[in-house]
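Single-structure report; data block below.
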Amino acid sequence: MNLIQLVISIPLILVLIFGIGFILNMILKTTWIPLILYLALVIYLAFQLKGAPQLADITWFIAGLAGAVGCGWTIRYLRQNGYRMF
């Protein structure tokens, strides 16, 4: 994988997971369910890999984890300050 592709894909994955988690939080009204679902997905994908995970895989998993945690913190902050999501 090219280094430029890796650098561009990290914020894209972070924003993608953040957005999906934010929408799930608004629909399901649970704060940390996207994080639990993301961790379950990562564990499932880790067992599906045929070899040791590459540096790019680990970097993507960490970027997605940062997006899921950031999503939970954002929803929690908004709810504590009186914003109601749907």
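Observations
- Residue 10 open to solvent by 50 Å² or more (accessible area, probe 1.4 Å), at pLDDT 90 or above, part of a helix (DSSP H, G or I) and in contact with a Phe, Trp or Tyr (Cβ under 8 Å, 6 or more places away or on another chain): yes
- Taken residue by residue, the range 19-36 has at least one member that is within 21 Å of residue 83 (Cα to Cα), open to solvent by 70 Å² or more (accessible area, probe 1.4 Å) and in contact with a helix residue (DSSP H, G or I) (Cβ under 6 Å, 6 or more places away or on another chain).
- If you check 46, 63 for being at pLDDT below 90 and open to solvent by less than 60 Å² (accessible area, probe 1.4 Å), only one passes: 46.
The values are calculated or read from the model by the stated rules, or taken from the named source; none is laboratory data. Here the structure is a predicted model, which is why all the values come from computation and not from measurement. FYI the Cβ positions are ideal-geometry reconstructions off the backbone, even for glycines, and counts take in every protein chain you see. Calculation scope for accessible area: heavy atoms of the full protein, side chains included, ligands and nucleic acids excluded. Shrake-Rupley method; radii C 1.70, N 1.55, O 1.52, S 1.80 Å.
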